[in-house]
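Shown next, in C-alpha cells, is the structure this report addresses.
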Amino acid sequence: MSFYPDLAAPGAAETVGDFAALAVEQGVRRLVLLSGRGEEEAQRAEGAVRRSGAEWTIVRSSFFSQNFSEGFMVDSVLAGELALPVDGVPEPFADVEDIAVAALTERGHAGRLYEVTGPRLLTFAEAVEEIAAAAGRPVRFVPVPADAWAAELSAQGLADDLVALLTYLFTEVLDGRNARLADGVQRALGRAPRDFRDYAQHTAAAGVWSAGG
C-alpha cells in the first residue's frame, strides 16, 4: 500500500493503521507498505502495519528518479530550469522499477524491511546535468531559499497543507540524513539497482523531455 501525498502528511499514520486493520478484518493476509527514508512520520505508519496482525513487508525508498519526469518537477525540467530549496545535498535516487514488487508476488519477504536506493549519490544539480546530457537540451538547477520557494508554490495555487509538506520534505528530509546507499534492491530482487544515468537516457529516448513533448 502507498499513501498520497506522503506518509509525512498529518494523519497519515492513523489512516494507514485504520486501513491495515480493516484489510485484516476482510481476510487480507499480507501487507506491503511503501515507506520513506528518514521520516519519523513514515516510521509511525510502518509500526501500524507491523501491529496489524498480517504478514508485513516494508519497502523504505529514497527519492524517486521519476519525480523528474512524472511528478511535479517535469514542467520545470521542460522549461529548462528547476528551482528547489536544496543545495549540495546528495541523494541516492531510486528508480520506480526497483521498488520491490517481489514482496507482493513472491514468498520469503514476510517480516523484512528493504531500504531501496540507487547505486550512487547525486546532488540535484548533478541529476539535472545528467538529464540535460541525456535530453540534449539545456536544463539548469537553481537552489533557492525555502521561504521564497514556498511563496511561489502558494502563488501557483497549491494548497497551504501541500506547500507545507513539500517544504518539509525538501528542507528537513533532504538535509543529508539519507546521503548513504542501502542494499534493499539487491536483497529483494537479487540484482543491482538501476543507475540514474540509465533512467535519464531511457526517459529522454521516450521523448518525455523533448521540447513540446
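Below, the figures for the structure above:
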{"quantity": "Output for segment 90-101, where each listed residue is surrounded by fewer than 19 Cβ atoms within 10 Å (Cβ to Cβ), of a type in the set (A, V, I, L, M, F, W, C) and either modelled with pLDDT of 95 or more or in contact with a Leu (Cβ under 6 Å, 6 or more places away or on another chain) (or both)", "calculated": "none"}
{"quantity": "Positions within segment 70-82 being surrounded by fewer than 16 Cβ atoms within 10 Å (Cβ to Cβ) and either aliphatic (A, V, I, L, M) or closer than 11 Å to VAL139 by Cα (or both), in sequence order", "calculated": "ALA79, GLY80, GLU81"}
{"quantity": "Count of segment 149-164 residues which are of a type in the set (A, V, I, L, M), surrounded by 11 or more Cβ atoms within 10 Å (Cβ to Cβ) and more than 20 Å from the chain's Cα centre (by Cα)", "calculated": "1"}
{"quantity": "Test: ASP87 is in contact with a helix residue (DSSP H, G or I) (Cβ under 9 Å, 6 or more places away or on another chain), surrounded by fewer than 17 Cβ atoms within 10 Å (Cβ to Cβ) and among the acidic types (Asp, Glu)", "calculated": "yes"}
{"quantity": "Verdict on ASP183 being modelled with pLDDT of 95 or more, closer than 30 Å to ALA110 by Cβ and over 15 Å from the mean Cα position of the chain (by Cα)", "calculated": "yes"}
{"quantity": "In segment 130-147, the residues that are in contact (Cβ under 8 Å) with a residue 12 or more places away in the chain and surrounded by fewer than 19 Cβ atoms within 10 Å (Cβ to Cβ)", "calculated": "ALA133, GLY136, ARG137, PRO138, ARG140, VAL142, PRO143, VAL144, PRO145, ALA146"}
{"quantity": "Unique residue being within 17 Å of HIS202 (Cα to Cα) and either in a loop (DSSP other than H, G, I, E, B) or of a type outside the set (Gly, Ala, Ser) (or both) when the list is GLU115, GLU152, GLU129", "calculated": "GLU129"}
{"quantity": "Qualifying residue in segment 47-60 (condition: acidic (Asp, Glu) and either surrounded by 16 or more Cβ atoms within 10 Å (Cβ to Cβ) or over 22 Å from ASP198 (Cβ atoms) (or both))", "calculated": "yes"}
{"quantity": "Selected residue (only one of ARG50, ARG60 is over 13 Å from the mean Cα position of the chain (by Cα) and basic (Lys, Arg))", "calculated": "ARG50"}
{"quantity": "Selection count, segment 7-23, where residues are touching a Leu at 6+ places or on another chain (Cβ under 8 Å) and either of a type in the set (Ser, Thr, Tyr) or in a helix (DSSP H, G or I) (or both)", "calculated": "4"}
{"quantity": "LEU34 being among the hydrophobic types (A, V, I, L, M, F, W, C), in contact with a strand residue (DSSP E or B) (Cβ under 7 Å, 6 or more places away or on another chain), without any contact (Cβ under 8 Å) to a residue 60 or more places away in the chain and not in a helix (DSSP H, G or I)", "calculated": "no"}
{"quantity": "Count - residues of segment 199-213 that are buried (at least 17 other Cβ atoms within 10 Å of the Cβ) and of a type outside the set (A, V, I, L, M, F, W, C)", "calculated": "2"}
{"quantity": "Conditions (1) surrounded by fewer than 16 Cβ atoms within 10 Å (Cβ to Cβ); (2) free of Cβ contacts under 8 Å to residues at least 12 places away in the same chain; (3) touching a strand residue (DSSP E or B) at 6+ places or on another chain (Cβ under 9 Å); (4) not charged (D, E, K, R): number failed by GLY190", "calculated": "(3)"}
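The values are calculated or read from the model by the stated rules, or taken from the named source; none is laboratory data. None of these values were measured; they are calculated from a predicted model. Glycine also receives a Cβ, built like all others from the backbone with ideal geometry; neighbour counts cover every protein chain displayed.
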